[in-house]
1. Tell me, please, whether a residue that is under 12 Å from residue 188 (Cα atoms), crowded, with 23+ Cβ neighbours inside 10 Å and in contact (Cβ under 8 Å) with a residue 12 or more places away in the chain can be found in region 235-247.
2. Please specify each residue of region 346-385 satisfying the condition of being near ligand 1 (Cβ under 9 Å from one of its atoms) and open to solvent by 40 Å² or more (accessible area, probe 1.4 Å).
3. Within 26 Å of the chain's Cα centre (by Cα) and open to solvent by 20 Å² or more (accessible area, probe 1.4 Å): does that describe residue 276?
4. Anything in region 248-259 that is surrounded by fewer than 18 Cβ atoms within 10 Å (Cβ to Cβ) and touching a residue at least 40 places away in the same chain (Cβ under 8 Å)? List them, or say none.
5. Restricting attention to region 40-57, report how many residues are among the charged types (D, E, K, R) and within 44 Å of the chain's Cα centre (by Cα).
6. Looking at region 274-298, I want the residues that are without any contact (Cβ under 8 Å) to a residue 24 or more places away in the chain and have a partner that is open to solvent by 80 Å² or more (accessible area, probe 1.4 Å) and assigned to a loop (DSSP other than H, G, I, E, B) with Cβ atoms under 6 Å, at least 6 apart or on another chain. Which pairs are those?
7. Can you tell which of 22, 45 is open to solvent by less than 30 Å² (accessible area, probe 1.4 Å), under 17 Å from residue 77 (Cβ atoms) and assigned by TED's automatic domain parsing to the domain that holds residue 74?
Amino acid sequence: MDDRTYAADAEPGTDATVAGWVHEVRDLGGIAFLILRDKSGKIQVKFEKDEMDDDLVDTGLSVHRESVVRVEGTVEEEERAPTGVEVVPDSLEVVAEADPELPLDPSGKVDADLSTRLDNRTLDLRKEEVKAIFQIRAEMLRAVREQFRDLGCTEINTPKIVATGTEGGTELFPVTYFGREAFMNQSPQLFKQLMVGSGLERVFEVGPIFRAEEHNTPRHLNEATSIDFESAFYDHTDAMDACEAVVRAAYEGVAENCAEELETLGLEDFSVPEADFPRLSYQEAIERVNATGKLDEQLVWGDDLSTEAEHALGEDVGRHYFVTDWPSEVKPFYIKDHDDDPELSTGFDLMHPSLELVSGGQREHRYEHLIEGFEQQGLEPEAFEYYTKMFRYGMPPHAGWGLGAERLVMTMLGLENIREAVIFPRDRQRLSP
Ligand code: ATP
Ligand code: MG
């Protein structure tokens, strides 16, 4: 069906059919131009009024912007045309007419607020700079998958409707499952751990996570995409190595394959973060934040890093960095403590200077310790029997992490709002489209 030539591929001296959206019609009197836009770019269609059939000229010049048209004609060289070529039409068919009033201007001449843009994402993604974000996102995911393959991982898909939560009860979305209460999964954490004890050993998943967080922030979504990794016979330092490799591979993929999109976004100076992300212990991190003098109140042992603290530290370090050796009490039950100091966990976070990208750690794989951890966190181990049971049948030491895909895109491209990195975001206000 698609026998057309893309705008970018139209060769002078050939007959071609181009098809796409009417970006603009410019009538200069004796001569007029219709700028046609498709996935590949734009091409000019020229109407010389005296030399062409009146019907053809009328149809071409009266069509509303953003209508879909199909043009057959001859491609000619034209220095003054934006792409150096133009189509002299033999025929023009209006394939799908657009209303004259558009809720959003895809040419970008009229600004729209984010909410209007999200309500009309189809039109919004006709803009080069918006389309570029999602092409980069797709490339990022491709590069990440390739890196996981190089690391010897198998891609898995785990359930998103579950019987219990893992990260504490308040952030769960309940659903009705054939009359029973169930929840949308907050994280594939337990499932991916169960797979390192299987014959697969080293796995990854790219999938949705659901968090019923009440707050509306520029870096939280209620449905996000998590890039998860888990490996048998890994400790937390191995997991950090893998994490750095995956994040850098994502940047490398984009740098290598998205030059045009980066230019569209004004990011010509895009660069891959240097290897060997610094690893600061939690203790060093809080001392360093306190030394910046930027916090109203000094951090003390056991405090989580507030947004202000993350910013102060990020500015001070000035690149991606890990925070390691968190106090056990602030990390979830499945994170393993250091053998020589139960107050210290093997949990780590990977930070971009502006926000948290990843949480990970070595996992508690010893059955008795795991059950104790559940109890300490106020969770009923019985509800998790499907999980804990497998720790009695040969569960190797293992480690892993979860990386927020939207946060990666957001920080990579310097987007101000995480919603810019999702086609159809879910937040407090937004349930459709
Ligand atoms: P934060 O403290 O920033 O809210 P978190 O510590 O609650 O994040 P984790 O449970 O550690 O998040 O999840 C692992 C990663 O998943 C985070 O580092 C982040 O990149 C991503 N992530 C988690 N929750 C969200 C969310 N609501 N929106 C977007 N990304 C998220
Ligand atoms: Mg975290």
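1. Initially, region 235-247 is screened for residues under 12 Å from residue 188 (Cα atoms), giving none.
The answer is no, given that none of the residues of region 235-247 is under 12 Å from residue 188 (Cα atoms), crowded, with 23+ Cβ neighbours inside 10 Å and in contact (Cβ under 8 Å) with a residue 12 or more places away in the chain.
2. 356, 359, listed by residue number.
3. When the stated conditions are applied, residue 276 passes them.
4. The answer is 252, 257.
5. Within region 40-57, the first condition is being among the charged types (D, E, K, R), and the residues that meet it are 42, 46, 48-51, 53-55.
Next, from what is left, pick out any that are within 44 Å of the chain's Cα centre (by Cα): 42, 46.
Qualifying residue count, region 40-57: 2.
6. Between residues of region 274-298 that are without any contact (Cβ under 8 Å) to a residue 24 or more places away in the chain and residues that are open to solvent by 80 Å² or more (accessible area, probe 1.4 Å) and assigned to a loop (DSSP other than H, G, I, E, B), the close pairs are 290/298.
7. Working: 22 fails: under 17 Å from residue 77 (Cβ atoms).
Only one candidate qualifies: 45.
For (1) within 15 Å of ligand 2 (Cβ to nearest atom); (2) of a type in the set (S, T, N, Q); (3) free of Cβ contacts under 8 Å to residues at least 12 places away in the same chain, each residue gets a yes or a no:
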site: 330; (1), (2), (3): yes, no, no
site: 334; (1), (2), (3): yes, no, no
site: 346; (1), (2), (3): yes, yes, no
site: 349; (1), (2), (3): yes, no, no
site: 381; (1), (2), (3): no, no, yes
site: 388; (1), (2), (3): no, yes, no
site: 396; (1), (2), (3): no, no, no
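The values are calculated or read from the model by the stated rules, or taken from the named source; none is laboratory data. This is a predicted model, so every value here is computed, not measured. Positions of Cβ are generated from backbone atoms using ideal geometry, with glycine treated the same way; all protein chains shown enter the neighbour counts. Accessible surface areas use protein heavy atoms only, side chains included; no ligands, DNA or RNA. Shrake-Rupley method; radii C 1.70, N 1.55, O 1.52, S 1.80 Å.
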